[in-house]
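The values are calculated or read from the model by the stated rules, or taken from the named source; none is laboratory data. Treat the numbers as computed from the prediction; the structure is a model and nothing was measured. Every residue, glycine among them, receives a Cβ derived from its backbone with ideal geometry; neighbour counts consider all protein chains shown.
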Amino acid sequence: MAVEREMTKRFLSEAYAGESQAHMKYLIFAEVAEKEGFPNIAKLFRAIAFAELVHAKNHLKALGNVKDTVENLQMAIDGETFEVEEMYPAYKAVAELQGEKEAVRSTHYALEAEKIHAELYKKAKELAEQKKDMEIKKIYICPVCGYTALDDAPEKCPVCGMPKEKFVIFE
């Protein structure tokens, strides 16, 4: 019986990963369709991306990986820390070794942003443990590298140089 449970868990984990990737891929495809002048195809991609999000959420819940905010923040910290300390440095090193400039840039951008994300999640967890919310007016995200700033963006992204005016603002 334990073997069957492990297999179900593995299958749900793989389904979660697949649905998550489909969600993101379809949102990116929607952007392309929009830019190419196909607003209804973009709408179709966005709608089905939402359906994939529903599937991913259901699988994550079935896996028991949706907890309270403090536990969710710890899982986020663990994930970001893994990316910063292990995953992206290794991926970047291989890309550098193989001379894959686009991959080097992509992994560098992600690594630098993930460092910030881990710290923000740590601060959020400290507050949540005290039953306090973060005080944030706006969150600025660089659309090129993912650099993240609270309340105000720098004049130029310190990672990729994108001007402040291009940042995406979350209010």
Long-range neighbours under 6 Å by Cβ, at least six apart or interchain, first residue modelled with pLDDT under 95 within the stretch 6-27, second not in a helix (DSSP H, G or I)
none
Report whether or not V144 is touching a Cys at 6+ places or on another chain (Cβ under 8 Å) and β-branched (V, I, T).
yes
Taking the stretch 79-102 and keeping only residues that are surrounded by fewer than 16 Cβ atoms within 10 Å (Cβ to Cβ) and closer than 15 Å to I116 by Cβ, one is left with G79, E85
How many of the residues making up the stretch 92-141 are among the β-branched types (V, I, T) and without any contact (Cβ under 8 Å) to a residue 12 or more places away in the chain?
1
Could you please let me know if T148 is closer than 29 Å to A30 by Cβ, of a type in the set (S, T, N, Q), touching a residue at least 24 places away in the same chain (Cβ under 8 Å) and surrounded by 18 or more Cβ atoms within 10 Å (Cβ to Cβ)?
yes
Hey, does the stretch 120-132 have a residue that's closer than 26 Å to E31 by Cβ, out of contact with any Gly (no Cβ under 8 Å at 6 or more places or on another chain) and either assigned by TED's automatic domain parsing to the domain that holds I28 or surrounded by 13 or more Cβ atoms within 10 Å (Cβ to Cβ) (or both)?
yes
Filtered residues of the stretch 150-165 (kept if farther than 15 Å from L111 by Cα and among the hydrophobic types (A, V, I, L, M, F, W, C)):
L150, A153, M162
Which residues, counting only those in the stretch 1-23, are surrounded by fewer than 13 Cβ atoms within 10 Å (Cβ to Cβ) and assigned to a helix (DSSP H, G or I)?
A2, V3, E4, R5, E6, M7, T8, R10, F11, E14, A17, Q21
